[in-house]
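No lab work stands behind these numbers, since they all come straight from the coordinates. What you see is a predicted model, and the numbers here were worked out from it, not measured in a lab. Here the Cβ positions follow ideal geometry from the backbone for every residue, glycine too, while neighbour counts run over all protein chains shown.
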Amino acid sequence: MRRVLICAGTGCVASGSRKVTARLKEELDRQGLAEQIKVVNTGCHGFCEQGPIVIVEPGDIFYCQVQEKDVPDIVAKTLANGEVVDRLLFKEPGSGQAVTRYHDIHFYAKQQRLVLKNCGHIDPENLDEYLAVEGYEGLKRALTTMTREQVIEEVKLSGLRGRGGAGFPTGVKWEFAYNSPGDKKYVVCNADEGDPGAFMDRSILEGDPHAVIEGMLICGYAIGADEGYIYVRAEYPLATHRLRVAIAQATDRGYLGENILGTGFNFKLKIKEGAGAFVCGEETALLTSIEGNRGMPRVRPPFPAVKGIWEKPTNINNVETFANVPVILRKGGSWYASIGTERSKGTKVFALTGKIINTGLAEVPMGITMREIIFDIGGGIQKGKEFKAVQIGGPSGGCLPKELLDLPVDYDSLTQAGAMMGSGGLVVMDETTCMVDVARFFLNFTQKESCGKCTPCREGTKRMLEILTRITEGKGEMTDIERLERLAKVVKNTALCGLGQTAPNPILTTLRYFRDEYEAHINEASCPARVCKELITYWIHQEKCNGCTRCARSCASSAIAGAAKQPHSIDPAKCSKCGVCIEKCRQGAIVKLTGKERQLVKH
């Protein structure tokens, strides 16, 4: 039977994929093909920029940006006659070449999909489809052929490290929980994904929830736990819905609950919806929230493996970490360890966002270079602009310059460069980005998300933000750079939890690689990227302006004056620097001036 896979992840649903599904079913019924072709709603296929995505099997024909009006052609040509609808095929950036099979698209060609293997290819709300792709085989092997110690050793052998940020060895973490005495133990999945631009965990939960459940079950068996929690953001309604469906199905079929698979192993799973506090991504704050308290971090030691939820031994990993476990148990730790680098094994899922052509999810082997991710998979920079930097690791990560494009993406290399793997957010920036403003943006986020429990984070982030704001407004002094560095190091070394300890990373890396931009802001009252509003002036080139009045008619602050067919001018006192006039001007007559350029105009 032919199958039509329609992406029903959050991004494609927002773009209208549910309407495409409904129209497709209507058209199949109308043409008498409903019994011959199966329509499957899947999770995210990763190529979010091109949604809604439709894949026709067999043949793996990849159609992108599909709308309701395209459905009749897909049915009549592809499903009825085996023809390809050329206008719906993906066109490679640059060459414009149309690609029929998704395997041949550059975005997918360099990926190695282990965690995302099922996402976009199975119905996440159908347990039978998960079972058809070796689902729960890893759990069966663990429960029927291995002792708890052997399961832990297998995970240790794989070299899997936590994908949530710190990169601690997963097997070692499980071993700590296994060795901790206690009559009750817990397994917790951290699905509190809060980094701006990050959607890796959400997509895994939406596209392959049973893989996460299976990973948690294997962990529960290994450490001797009989109960688990998935702490998921309430802003993820689709992920939460599919988790609830998956838990109900797994319980009905004997993969959750009492006497699982007749082995005597018991495990029940609950969902805890978080309110969206970024600090709850820190494991002790998350556990405190599960207990019903305000999410604030605890002093460690003792670590959760010794005293976690309600002071019971608890193992906590994030979504991607648990999703790796089933394949390790199926194929073996040695096989998994053959992927990646010496100290960073396996693959990593990244969310590609920012000024990159191919936004979406990419799963790549550890050790791949940043250049390969951004230019081969991501398609390069939008609008032909120059690459400037990439923020990796979210607000807690660091900004890396173009000189480090060939840096291997692994835990140790990124740490040496001043950044971190984090959960996998990757924000690409071009030549129009101000790195001082970027540092201010990320610090503004972490400062607002600080729980305020410890003084270094509560006060330190606020003081650093004040300094950065002062610099972007042209009021900075050279001594501010020294203050920033000193404060950043103090906060990094003394904050209570990971939020405070990593909050200075954007500052330290931008100072390390883009110090000249800080100095330009301070010494020249200039923003080289022409971003910081206090340091730029909008100006109309009199010789280029033809007086079309488009800019004046679009100016909400009435800052532009001039008669029709006569050169216009901008009143700096009224100008809000919104940029709409530049967008509207067809002559290229309006420019942004900064530094000495502003002084020349004034005189």
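How charged is the neighbourhood of Leu114? Take every other residue with its Cβ under 12 Å from the Cβ of Leu114, and add Lys/Arg as +1 and Asp/Glu as -1.
Surrounding charge for Leu114 is +4.
Taking 0.36 nm per intervening residue step and subtracting the Cα-Cα distance, what contour gain separates Ala34 from Asn493 on full extension? Could the numbers behind the result be given before it?
Working: separation 459, 0.36 × 459 = 165.24 nm, distance 6.28 nm.
Full-extension gain reported as 159.0 nm.
Please work out how much length the chain gains when fully extended from Arg515 to Asn179, using 0.36 nm per residue of separation minus the C-alpha to C-alpha distance, in nm with one decimal.
Details: separation 336, 0.36 × 336 = 120.96 nm, distance 4.81 nm.
Value of the extension gain: 116.2 nm.
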- Distance-filtered residues of segment 311-327 - backbone nitrogen under 19 Å, label point 7 angstrom along Arg253 Cα→Cβ: 323-327
- Simple spin-label model, 7 Å along Cα-to-Cβ: Leu405 to Arg343 in nm? 2.7
- What angle do you read, to the nearest 10 degrees and between 0 and 90, between the alpha-carbon axis of helix 209-223 and the longest principal axis of the chain? 60
- For a footprinting-style exposure proxy, rank His45, His241, His121, His568 by other Cβ within 10 Å, fewest first. His241, His121, His568, His45
- Considering only Cα-Cα distances, which of the following residue pairs are longer than 18 Å: Lys475/Lys533; Lys355/Lys462; Lys475/Lys574; Lys173/Lys307; Lys388/Lys448; Lys184/Lys270? Lys355/Lys462; Lys475/Lys574; Lys388/Lys448
- Set of lysines near Lys77 by C-alpha distance (under 22 Å), chain-local residues within fewer than 8 positions excluded: Lys19, Lys25, Lys38, Lys69, Lys91
- Relative counts (whole %) of C-alpha pair distances in segment 127-337, using bins that are 10 Å wide: 9, 38, 39, 13, 0
- Given (1) 86, 66, 41; (2) 189, 56, 42; (3) 91, 70, 44, which label gives Cα extents along the principal axes in Å as computed from the coordinates? (1)
- Message: Give me the percent relative contact order of segment 1-115, please, defined on Cα pairs under 8 angstrom at least 6 residues apart.
- Response: 26
- Extension gain, Thr415 back to Lys268 (0.36 nm per residue minus Cα-Cα distance, nm): 49.2 nm
- Can you grab the distance from the C-alpha centre of segment 78-93 to the C-alpha centre of segment 240-276, Å, no decimals? 40
- Would you calculate the separation in nanometres between label points at His541 and Glu83, each defined as 7 Å from the Cα along the Cα-to-beta-carbon direction? 5.0
- Query: What is the sum of charges around Met478, taking Lys and Arg as +1, Asp and Glu as -1, for the other residues whose C-beta is under 15 Å from the C-beta of Met478?
  - Reply: -3
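Using only C-alpha atoms and all pairs of different ones, pull out the Kirkwood radius for segment 536-602 in Å with one decimal.
Evaluated on segment 536-602, it is 11.8 Å.
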